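Following: one structure in C-alpha cells, then a few remarks.
The values are calculated or read from the model by the stated rules, or taken from the named source; none is laboratory data. Predicted model, so just to flag it, every value in this text is computed and none were measured. Using ideal geometry, Cβ is built from the backbone for each residue, glycine included, and neighbour counts are taken over all protein chains shown.
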Amino acid sequence: MSTINPHGKEIISVATDFHGKPLTLEINRVGFRSTASVLVRYGETVILGTAQVGTRPVMMDYFPLSIDYEEKFYAAGKISGSRFIKREGRPSDEAILIGRLIDRPIRPLFPKGYRQEVQVVASVLSTDPTFRPDAIAMIAASAALTLTGTPFDGPVSGLRIGRVDGEFKAFLTPEEREKSDLDLVVAGIESGITMVEAGANEVSEEVIAEALAWAYDAYQPAIKLQKELIEKVKPVAQEYTLVLPNEELQTQVDEWVAGKLGDKLRAPYPERNEMVNELRWAFHEAFAEKIGTEDYSKLRDEYDEAFTMALHKDVRKGIVEDKLRPDGRKLDEVRVLSSEVGLLPRAHGSSIFTRGVTQGMNIVTLAPLSYSQMIDTMEVNDGERRYMHHYNAPGYTVGEVRRLGSPGRREIGHGFLAERAVMPVLPSAEDFPYAIRSVTEIMSQNGSTSMAATCSSVLALMDAGVPLKRPVSGIAMGLMLDGDTPYVLSDIADAEDFAGDMDFKITGTSEGITAIQMDMKVHGLPVEILKQAIDGAKPGRAHILAHMLETIAAPREALSPYAPRIEKVKINPEKIGAVIGKGGEVINRITLETGADIDIKDDGLITVSAADTASIEKAIDWIKSLTEEPEIGRIYEGKVVSIKDFGAFINILPGLDGMVHISELADHRVERVEDVLTEGQTVKVKLMGIDERGRLSLSLKAIDK
C-alpha cells in the first residue's frame, strides 16, 4: 500500500503494543482540510479524531472549546432500532457522557486567557464489540489536538479499567464487565492524573487508590506514542494572544478591597453571598465615580473579573493561612444538614435534602418493568435501563433569569453520577419487579448539587418502599495546593470550588464506595494526593449518612397506595410461547379478561401489574395453569381426550396429556376402557411417573392409595 496520499503528502503512522493489541496513530490518510486529524486503530476499533482551530480571534469571556463524541450505528453493523428515525441525530445520553469524559481532562490543559475557537470531534467509524471504545476516542481527540500547534499542554491518555477476581484489567469484555466490581476511567498526562470517573460495587478506599496507581502506569504507552507522532510531524506553533487581566487594573482592585475581605466576609451561606453582592455593588459604584460612568461602562467587565479574582485569592489565603473557609467552617466541617420525606401526597416517594444553601427535592415513580427505557446506541448489547435518574436545575436555583430548555451536558452528567451512585444497592428485578424513575429538582445551588441529588434520591427511594441493600450518601471534596502542600476540604461550596484546584465527588455506603467523579484545574496530581482526598471523604460521608438515617431509618415496608401493584412469577423459558399464544391471542385474552398488564422477559420472569390484587391473582393463576410443570405423585383433574384399546389419554395441563393404561383404571380387571371412561369426561388421576422421553403415566386406581 502506498505511503503517499492523493495530494502527495506522506502517510505517517506510529504504533505500539497497548494491553495486548497494536495501537496505531495515522495522519494524512483522511481529513485533508481539518487543522489536524488522526486515524486511530485498536483491534477492530477505528476512530477519527479531528481538531479544527478558528482562523479569527473570538471576542468572548470564556474559552470556546467544544469536544464531541460521535456514535455511528454503521460502526457496529447496526441500523437504529427506532421505527421512525434511522439516521444519527441528537447524541444519546451515553455519547454525551463520553464526550464529557474526553472534555474534562483536556480543557484544563489550555492556558488561562486562550480565546481561539477550537472544535474537537471523535467519530467512531468501526467498533470492536469486545471492548468499549471511549478510551481510544480520548486518545484520538488528544492526538489531533497535539498536532494543531495550539498551546495545549498534552498529550492526554486514559483507560477504562475493571477488577475481575481481584486483578485490575483494561479493555474488559462484556462478560468481564459483568463480573467486575469496579468500572473506573482514569485520564491524565505524563506527570499526573487529571480526571477520574468511577462506578463501584461498594469497594474500599484502598482498592480505589490501588486502581488509580495501576491505571496511571497503564496509560503511559499511549502518551509516549503521541509524543512519537509529534516528533515525526513537528507541528508549527500557532500565534495567539492570551486575554489576561490587566495587572495595573488588578492592582487597583486589590488595593480597594484590602481590609474589606478576610474575617469581614466570613459568614454562613447565604449571608456571605449577600455580603459579597453588596461589596461588589459598592466596588462598581466607587470605580464608576472615580473613572466616570461612560468610560467605566466600557471597562466594567474587566473590573468585575478582577474583583472576582481578588475574592478567589482571599478564599485561598484564608484556607492556607488561617485554616478557615469563607463561611467560617473548619477544613473538614460539613455544612448544616436538614431533610424530610413524604412531602408530596400523590408521589410514590418524595424527599427534600438540604445542605447549607444547596437543596434538592427528589420524586420517585414506580411502574411495571415494561416501562424500562430501551437503550438504542451504537454498541451491540444495548439492553434496558430499569432505573432512571433525571436531574433538573433551572435558572432560579442560582438567582438568574434563564430560558428553560432541554437538559444540557451538565444536567445529564449530574443525573448519571447520582444514578450510578445508587445502582449497586438497588434490589434485583426478580426481588422488586418495578421500573424506577427518580427525578431530582434542584431548588437552590451553592455547590455539589450532584451529591444533594444522590442523597435526596436515596431518601425518596426509601420513602417509596424500594428495598435498598444499604443507603448511600455522597460528598464533594475540594483541594487547595500551596506549592506542594495540599489542603483537602470537605463539602465544598461554590466559592471554594471556583477558587480551588480540584472538585472530587464521592458516594458510598457504610461498606464502601459506589461512585466517583473527579476534575482537576491543575495539570495533573499524583496518586498520593488523590488518596488523601478519598480518605478524607469517609468521615464526611458517614456524618451525612447518619443524618439521613435520622430522617428515615429504613425503606418503608408498604408501597404508596398510588403505586401500581406488581407480582412476579418465574416460568420455564420454553413455556413462554404457551403464555403468548399464536399471534398473542392467549396473552391478549388474559389481559382483556383480568384487566392486568403482563410483561414477559426472555429468562422466564413474568410480572403482572394491576390496580387491585384480585386481578393480579386471577392473571397469575391463569399463567400458572398454562406453564405448570407435572409433579409425580400429585392428583390432577383432567379431561379424557381419546380412548384406545390399551388405555386412555387424559389432558391434565394445557398442552400436556398423559396415559392411563387399562390396568390402572380400577382395582378389578377391566375388559374395555369404554366401560370406565368416555371421551370428554372429566376425571381425577394421579401422576405415577415420567419416562426418559417425557411421557406421563397416570392412574385412576391409585388415587385413594
For this session: Among the residues of segment 341-398, write down those that are in contact with a Pro (Cβ under 7 Å, 6 or more places away or on another chain) and under 18 Å from Ala435 (Cα atoms).
Result: Leu366, Ala367, Pro368, Leu369
For this session: Could you check segment 163-251 for strands (runs of 3 or more DSSP E) lying wholly inside it with 1 or more residues that are of a type in the set (Asp, Glu) and surrounded by fewer than 17 Cβ atoms within 10 Å (Cβ to Cβ)?
Result: 167-170
Seminar exercise, completed: Across (1) within 25 Å of the chain's Cα centre (by Cα); (2) under 26 Å from Glu305 (Cα atoms), Ala533 clears everything bar (2)
Problem set entry | Hey, Met518 more than 25 Å from Gln359 (Cβ to Cβ) and in a strand (DSSP E or B) or not | no
Exercise. Pro345 is checked against (1) of a type outside the set (Asp, Glu); (2) within 27 Å of Pro555 (Cβ to Cβ); (3) crowded, with 19+ Cβ neighbours inside 10 Å and fails just one. What number does that condition carry?
Worked result: (3)
Exercise. Just checking, which of Val670, Val683 is aliphatic (A, V, I, L, M), assigned to a strand (DSSP E or B) and either touching a helix residue (DSSP H, G or I) at 6+ places or on another chain (Cβ under 8 Å) or not assigned by TED's automatic domain parsing to the domain that holds Ile576 (or both)?
Worked result: Val683
For this session: Show the residue pairs that are 6+ apart or on different chains and have beta-carbon atoms under 9 Å apart, the first residue being within segment 610-627 and of a type in the set (Val, Ile, Thr), the second being exposed (fewer than 13 other Cβ atoms within 10 Å of the Cβ).
Result: Thr627/Asn572
Exercise. Can you name the number of the only condition in (1) buried (at least 19 other Cβ atoms within 10 Å of the Cβ); (2) under 30 Å from Asn273 (Cα atoms) that Val422 fails?
Worked result: (2)
Seminar exercise, completed: (1) among the small types (Gly, Ala, Ser); (2) farther than 30 Å from Pro561 by Cα; (3) at pLDDT 90 or above all hold for Ala702 apart from (3)
Exercise. Looking at this structure, is Glu117 touching a residue at least 12 places away in the same chain (Cβ under 8 Å), more than 18 Å from the chain's Cα centre (by Cα) and surrounded by fewer than 16 Cβ atoms within 10 Å (Cβ to Cβ)?
Worked result: no
For this session: Test each condition in (1) in contact (Cβ under 8 Å) with a residue 12 or more places away in the chain; (2) assigned to a loop (DSSP other than H, G, I, E, B); (3) of a type outside the set (Asp, Glu) for Arg33 and report the one that comes out false.
Result: (1)
Problem set entry | Lone unmet requirement of (1) touching a residue at least 24 places away in the same chain (Cβ under 8 Å); (2) surrounded by fewer than 17 Cβ atoms within 10 Å (Cβ to Cβ) for Gly408 | (1)
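Per-residue answers, yes or no, for (1) assigned to a strand (DSSP E or B); (2) within 19 Å of Ile106 (Cα to Cα); (3) among the β-branched types (Val, Ile, Thr):
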position	(1), (2), (3)
His7	no, no, no
Ser13	yes, no, no
Leu25	yes, yes, no
Val38	yes, yes, yes
Ile47	yes, yes, yes
Exercise. Does Phe152 satisfy the criteria of being over 16 Å from Thr45 (Cα atoms), among the aromatic types (Phe, Trp, Tyr), at pLDDT 95 or above and part of a loop (DSSP other than H, G, I, E, B)?
Worked result: yes
Exercise. Does Ala476 satisfy being of a type in the set (Gly, Ala, Ser), under 25 Å from Thr365 (Cα atoms) and assigned to a strand (DSSP E or B)?
Worked result: no
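Residues checked against (1) touching a helix residue (DSSP H, G or I) at 6+ places or on another chain (Cβ under 7 Å); (2) modelled with pLDDT of 90 or more; (3) buried (at least 17 other Cβ atoms within 10 Å of the Cβ):
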position: Arg541; (1), (2), (3): no, yes, yes
position: Leu549; (1), (2), (3): no, yes, no
position: Glu557; (1), (2), (3): no, yes, no
position: Ala563; (1), (2), (3): no, yes, yes
position: Lys568; (1), (2), (3): no, no, yes
position: Glu574; (1), (2), (3): no, no, no
position: Ile587; (1), (2), (3): yes, yes, yes
Problem set entry | Of all residues making up segment 662-705, the number that are closer than 17 Å to Ile652 by Cα and of a type outside the set (S, T, N, Q) | 22
For this session: Select the strands (runs of 3 or more DSSP E) contained entirely in segment 580-667, then report the ones holding at least 2 residues which are within 30 Å of Ala367 (Cα to Cα).
Result: 597-600, 605-610
For this session: Please indicate, with yes or no, whether at least one residue in segment 40-50 is farther than 24 Å from Asp17 by Cα, aromatic (Phe, Trp, Tyr), in contact (Cβ under 8 Å) with a residue 40 or more places away in the chain and in contact with a Pro (Cβ under 9 Å, 6 or more places away or on another chain).
Result: no
Exercise. Restricting segment 638-665 to residues that are out of contact with any Phe, Trp or Tyr (no Cβ under 8 Å at 6 or more places or on another chain) and among the polar types (S, T, N, Q), which is surrounded by the most Cβ atoms within 10 Å (Cβ to Cβ)?
Worked result: Asn651
Exercise. If you go through segment 420-427 one residue at a time, do you hit one that is closer than 21 Å to Asp93 by Cβ, in a helix (DSSP H, G or I) and of a type in the set (Gly, Ala, Ser)?
Worked result: yes
Exercise. Can you tell me which residues in segment 521-561 are in a loop (DSSP other than H, G, I, E, B), among the charged types (D, E, K, R) and within 30 Å of Glu190 (Cβ to Cβ)?
Worked result: Lys521
For this session: Could you please tell me which pairs satisfy a Cβ distance under 7 Å, a separation of 6+ or placement on different chains, a first residue in segment 457-473 that is more than 14 Å from Glu419 (Cβ to Cβ) and modelled with pLDDT under 95, and a second residue that is assigned to a helix (DSSP H, G or I) and of a type in the set (Val, Ile, Thr)?
Result: none
Seminar exercise, completed: With the first residue restricted to segment 529-545 and required to be touching a residue at least 40 places away in the same chain (Cβ under 8 Å), and the second required to be assigned to a helix (DSSP H, G or I) and acidic (Asp, Glu), Cβ contacts under 7 Å at 6 or more apart or on different chains are Ile534/Glu205; Asp535/Glu205; Lys538/Glu205
Exercise. Among the listed residues Glu255, Glu271, Glu278, Glu289, which satisfies the condition of being within 21 Å of Val336 (Cα to Cα), exposed (fewer than 15 other Cβ atoms within 10 Å of the Cβ) and in the same structural domain as Met309 (by TED's automatic domain parsing)?
Worked result: Glu271
Problem set entry | Tabulated pairs, segment 561-580, first free of Cβ contacts under 8 Å to residues at least 24 places away in the same chain and farther than 17 Å from Leu653 by Cβ, second among the aromatic types (Phe, Trp, Tyr) and buried (at least 18 other Cβ atoms within 10 Å of the Cβ), C-beta under 6 angstrom, 6+ apart or interchain | none
